[in-house]
1. If I stretch the segment between residue 81 and residue 204 completely, what's the gain in nm (0.36 nm per residue apart, minus their alpha carbon distance), one decimal?
2. Can you compute the modelled spin-label distance between residue 95 and residue 185, with each label point 7 Å from Cα toward Cβ, in nm?
3. Computed over the Cα atoms of region 138-206, what is the ratio Rg over Rh, Rh following Kirkwood?
4. Using r as the Cβ-Cβ distance of residue 57 and residue 111, and R0 as 22 Å, what FRET efficiency do you calculate, to the nearest 0.05?
5. Could you tell me what % of all Cα pairs in region 67-127 have separations over 16 Å?
6. Show me, bin by bin at 10 Å from 0, the whole-percent P(r) of region 61-203 based on Cα pairs.
């Protein structure tokens, strides 16, 4: 993210640029390398676009008109945390039990996300043999994807939390509550899903 290295003299850059870059990161992570499944990709990307645009709008709206100094400080801090070594990320795993995540409602949440229940059902109408993971090689690839998603959503989670704190200090309480809600939807829920999926995929190697 080039703008994070910008000097204070260049802080006049529009806040929307940071959100554009975050959106591009999300899309790059989500992009499939298999060009034979463009229809599957289109369905997943539609879901991806929907949630990303819906949940980023309150944050973007908040920062427009605000001083950009804290915007860049928060973004840089969030990025540093997201780039921590994988060995440290293991401590972010809330539980080693899939039942723990199921009790939190992960299976219900999965219905509405990309590569989720409803998306897979839609894909299988035209491609009954479709499976996200068909063998151990794909399982390893999917674990890498999970790790990237976790990092991305942790970055966004921290940035959203810092934005909520900034909004509270600025006495913009409605904005704070709204950003808190979308943070749960856009970051907390996906992090729980990815941790749950990681446990399920790792079973294949036991």
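Readers should treat all values here as calculations from the given coordinates under stated rules, not as data from a laboratory. Everything numeric here is computed off the predicted structure, so don't read it as measured data. Here the Cβ is made from the backbone with ideal geometry for all residues, glycine too, and neighbour counts use every protein chain on show.
1. Numbers: separation 123, 0.36 × 123 = 44.28 nm, distance 2.95 nm.
Length difference between fully extended and current span is 41.3 nm.
2. That separation, rounded to one decimal, is 2.5 nm.
3. Numbers: Rg = 15.5 Å, Rh = 13.2 Å.
Answer for region 138-206: 1.17.
4. Numbers: r = 23 Å, r/R0 = 1.04.
Efficiency computed from Cβ-Cβ geometry: 0.45.
5. I get 69 percent for the Cα pairs in region 67-127 exceeding 16 Å.
6. With a bin width of 10 Å, the distribution comes to 10, 33, 32, 18, 6, 0.
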